[in-house]
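Okay, so here's the structure we're looking at.
The values are calculated or read from the model by the stated rules, or taken from the named source; none is laboratory data. Keep in mind it's a predicted model, so treat the numbers as computed, not measured. Cβ: placed from backbone, ideal geometry, glycine included. Neighbour counts: every protein chain shown. The area values use the complete protein model at the heavy-atom level, side chains included, leaving out ligands, DNA and RNA. Shrake-Rupley method; radii C 1.70, N 1.55, O 1.52, S 1.80 Å.
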Amino acid sequence: MISRAEAEALDRADPLAPLRQRVVIANPSRLYLDGNSLGRLPVATRVRLQQVIDAEWGEGLVESWAQWIDLDKRLGDKLACHFLGAAAGEVLVSDSTTVNLYKLVGAAVASGKTVLVTDGDNFPTDRYVLQGWAQQLGVTLNVFASHPVYGPQAAEVATALRHVPHGTALVCLSHVSYRSGALADMAAINAVVHQAGGWVLWDLCHAVGAVPIALHATGTELAVGCTYKYLNGGPGAPAFLYVRRDLQETLRSPIWGWFGQRDQFAFGAQYQPAPGVQRFATGTPPVVAMAAIEPGLDLLLEAGLERLRHKSIALTALLIALYDAWLAPYGFTLGTPREPQRRGSHVALRHPEAYRISRALLRAGVVVDFREPDTLRCGLAPLYTRFVDVWEAMDRLRTLMATQAYTAFSPTRARVT
Ligand SMILES: Cc1ncc(COP(=O)(O)O)c(C=O)c1O
C-alpha cells in the first residue's frame with residue numbers, strides 16, 4: 001500500500017497545491033473531509049465581504065442597489081457559461097435549492113407535466129417538494145427504487161416511464177447522489193425521458209464544481225443547485241436555478257414576487273412575468289450572502305475545472321485503495337462506484353457502527369459526515385484536500401477500528417450529523 005511519504009510526493013507534484021493557501025485553514029491538523037455539506041472559506045471572500053459591508057452597505061447605503069440589482073443574473077451567467085454548460089441568460093442565483101425546486105416543479109406542472117417521477121434515494125428535500133406538489137394539486141408522483149451504490153440508471157427510468165402518458169413526465173433526479181456519490185449518466189437518462197416526451201429537472205448540488213456538467217449538450221430542461229458545497233459560497237449561500245432558454249417564456253413561477261415582475265419599479269397593479277429567467281426571481285435577495293459566492297467561483301476557475309476533476313478522481317481512487325487495504329477487514333463495505341467516471345467527489349464507507357465511528361473520528365481530528373443508516377461520507381474537495389490528508393485520515397480510522405475506540409461513544413444521534 002502507498003506510504004505516507006508517497007502520498008506527500010503526490011502533493012508535491014500536484015499543480016493545484018499552491019491554491020490551498022487561498023482558502024482559510026484555521027487548524028491544519030484537523031482533517032476536513034466533510035462530504036460536502038460546507039466548503040471552506042476562500043481568503044478572497046473575507047476581503048469581498050469587508051468591502052460589501054463597509055463600502056457598499058456602510059457608505060453607499062441604498063445607492064449601492066445600482067450595482068446589486070443585477071448580481072443574481074451576473075453570477076448566474078458565470079455559473080451558466082463556466083460551470084454548467086449552458087448560456088448567459090439561463091441561470092439565476094436565488095433563494096435556496098428547496099425553494100428553486102418548488103418554483104420549477106410548480107411551473108412544469110402548470111405547463112402540463114402532471115406525472116412527477118423520482119427515485120427513492122433522491123435527496124429528502126427533492127422528494128418532499130414533489131410530495132407537496134403532488135398532494136396540493138392531486139398530480140401523480142411515481143417513486144422508483146434505484147441502485148444503492150450506482151444510483152438511478154437510464155433503464156430504471158425507462159421502466160418508471162413505461163405507463164406514463166406521452167409528454168406528461170417531469171423526472172427529477174440528482175446528478176451526484178448525496179449518499180453514495182454515484183454520478184448519474186445525464187445524457188442517457190435525458191435521452192430516455194425525451195423519448196417519452198418528458199422533461200428532466202436535475203439537482204446539481206453535489207455535482208457543481210466537482211464534475212463536468214453539460215446541460216445544453218444533454219438537452220436538459222430544468223436544473224437547480226446550491227453554492228455552499230464545492231463552490232465554497234458559505235453557509236446558507238443562495239442557490240441557483242436553470243431554465244432552458246426556449247422554455248422560459250412559456251413557464252411561470254408559482255411565486256409571483258416583485259423581483260420577477262416585468263418593469264419592477266413601475267409598481268404596476270397586475271403581475272406580469274419579467275422576460276427570461278428573471279421571472280423566477282421572488283423578493284429582495286440576500287445581497288451580503290450573494291456577494292460571498294463570487295470569489296469562490298473565481299478561485300475554482302483559476303484552478304480549472306478539468307484539473308479539479310482530474311485530482312478529484314485521483315483522491316477518491318486513493319481513498320478506495322486505502323479502504324481495500326485497511327478497512328474492508330474491519331467490516332466496512334464500499335458504498336460508492338469503483339469506476340471513476342461513475343462517481344463524484346465523495347466516497348461512502350458503510351459500516352453498521354458508522355454513527356459511533358463518525359463521532360470517534362471527530363474526536364481524532366477527522367471531519368466526515370454521517371448519513372443514515374450506515375454511511376460515513378468522505379468528501380474530497382480537490383481545491384484544498386491533499387493526498388496526505390486522505391492517507392492520514394484513513395490511518396486514523398484504521399487505528400480507531402483496531403482499538404475499537406468508537407465503542408466508547410453514544411449511539412444517540414446529535415442534532416446535526
Ligand atoms: C442534493 C441536495 N439537494 C438539495 C439540498 C437542499 O438544499 P437547501 O437546503 O439549500 O434547500 C441538499 C443539501 O445538502 C442536497 O445535498
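Points worth noting:
- The residue list Val164, Val115, Val129, Val171 contains one member that is modelled with pLDDT of 95 or more and in contact with a Pro (Cβ under 8 Å, 6 or more places away or on another chain), which is Val115.
- Test result for Gly276, on the phi > 0 side of the Ramachandran plot, surrounded by fewer than 17 Cβ atoms within 10 Å (Cβ to Cβ) and without any contact (Cβ under 8 Å) to a residue 12 or more places away in the chain: no
- Helices (runs of 4 or more DSSP H) contained entirely in the stretch 63-137, each with at least 1 residues that are of a type in the set (Lys, Arg) and within 13 Å of the ligand (Cβ to nearest atom): 97-110, 124-137
- Check on Thr412, at pLDDT below 95, over 18 Å from the mean Cα position of the chain (by Cα) and over 30 Å from Met186 (Cα atoms): yes
- Extreme residue, most open to solvent (accessible area, probe 1.4 Å), among residues of the stretch 282-326 that are β-branched (Val, Ile, Thr) and assigned by TED's automatic domain parsing to the domain that holds Val208: Thr284
- Close pairs from the stretch 129-140: first under 14 Å from Ala110 (Cβ atoms), partner aromatic (Phe, Trp, Tyr) and buried (at least 18 other Cβ atoms within 10 Å of the Cβ), Cβ under 6 Å, at least 6 apart: none
- Selection status of Asp77, touching a Cys at 6+ places or on another chain (Cβ under 9 Å), surrounded by fewer than 24 Cβ atoms within 10 Å (Cβ to Cβ) and charged (D, E, K, R): no
- Candidate set from the stretch 147-174 (those that are within 14 Å of the ligand (Cβ to nearest atom) and open to solvent by 10 Å² or more (accessible area, probe 1.4 Å)); member that is nearest to Leu130 (Cα to Cα): Ser174
- Residues satisfying the stated conditions in the stretch 175-220, i.e. in contact with a Leu (Cβ under 6 Å, 6 or more places away or on another chain), more than 12 Å from the ligand (Cβ to nearest atom) and over 22 Å from Gly296 (Cα atoms): Ala196, Trp199
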